[in-house]
Amino acid sequence: MKIIGLTGGIGMGKSTAARFFRAARIPVFDADATVHALQSRGGRAIAPIGAAFPGTVHDKALDRAALRTAVLGQPDALKQLERIVHPLVRDEERRFIQRARRAGKSAAVMDIPLLLEIDGIRRIDLVMAVSAPRAVQIHRVAQRRRMDRAQVAAVIARQMPDREKRRRADWVIRTGLSRFSATRQLRRLLAALRAGGPPPRPHIGRIRAMRAIDNTIPGRAWLGRARYKKIRYNQSAQ
């Protein structure tokens, strides 16, 4: 079974891509929905969060505003929260993949917004990034979340740049033109998957190999410009 990682910044069209795959009967793991379920009343994350952040849980329900206050501007507190939530999400991922394999699925999609930031690429066979021009992205987010442009820009600034996601992806879906155009690209990708799957771009394969050998290389450094040029040079020499 081929595992496809779906990623992209806020407002880039991940939901549209996820709906397409579900309609094609390909199971989709929604990381955001999983986190929400873990933090819902009685969820598996409630007890450890309550123990780590006193005053954020009442009657087995999470006070999300109190939790935001507890971690806002506190990098150590945020890391502590991530140490609680991320392993639980990983466990749900494994269960999802096991269910898909038992069902005989040929592919499964992992909708994980922070796939590249948390080095989730090692768990994925093919990385697909959705991308749109910045002006389109800002318009979408402002309309959907009723935020002004400055607020939207601040949210985008905290995420990995779109160009970096595109550079690291095996397949890029451009969603800025129209939903029809994005769907046509997704259909081409699905056809390629059903025909055996599009191979990762050559430099991505080399980078993954290097990443497996040396896990100490920081995320941005292992895809640095000099390293990328060296890979291209080596390929042309073969």
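In region 86-133, which residues are of a type in the set (Gly, Ala, Ser) and either under 17 Å from ARG19 (Cα atoms) or at pLDDT 85 or above (or both)?
Within region 86-133, ALA100, ALA103, GLY104, SER106, ALA107, ALA108, ALA129, SER131, ALA132 qualify.
Figure legend. Inter-residue proximity from region 81-108: first residues among the hydrophobic types (A, V, I, L, M, F, W, C), second residues modelled with pLDDT under 90, beta-carbon distance below 7 Å, spacing 6+ or different chains. Indicated pairs: LEU81/VAL71; ALA100/MET1; ALA107/MET1; ALA107/LYS2; ALA107/LEU193; ALA108/MET1. Looking only at residues in region 124-133 that are within 14 Å of PRO161 (Cα to Cα) and crowded, with 16+ Cβ neighbours inside 10 Å, the one that is farthest from the chain's Cα centre (by Cα) is ALA132.
Residues of region 21-74 that are assigned to a loop (DSSP other than H, G, I, E, B) and among the hydrophobic types (A, V, I, L, M, F, W, C): ALA24, ILE26, ALA45, PHE53, LEU72. Picking from residues in region 24-47 that are among the aliphatic types (A, V, I, L, M) and more than 23 Å from ILE10 (Cβ to Cβ), the one that is surrounded by the fewest Cβ atoms within 10 Å (Cβ to Cβ) is ALA47. Set side by side, the residues GLY50, GLY11 differ, and just one is surrounded by 13 or more Cβ atoms within 10 Å (Cβ to Cβ), more than 24 Å from LEU193 (Cβ to Cβ) and in contact with a Lys or Arg (Cβ under 6 Å, 6 or more places away or on another chain), which is GLY11.
Only residues that are among the β-branched types (Val, Ile, Thr), in contact with an Asp or Glu (Cβ under 9 Å, 6 or more places away or on another chain) and buried (at least 18 other Cβ atoms within 10 Å of the Cβ) were counted across region 78-123, and they come to 1.
The values are calculated or read from the model by the stated rules, or taken from the named source; none is laboratory data. Note that the coordinates shown come from a computational prediction; the quantities given were computed from them, not determined experimentally. Quick reminder, even Gly has a Cβ in these numbers, built from the backbone with ideal geometry, and neighbours come from all protein chains shown.
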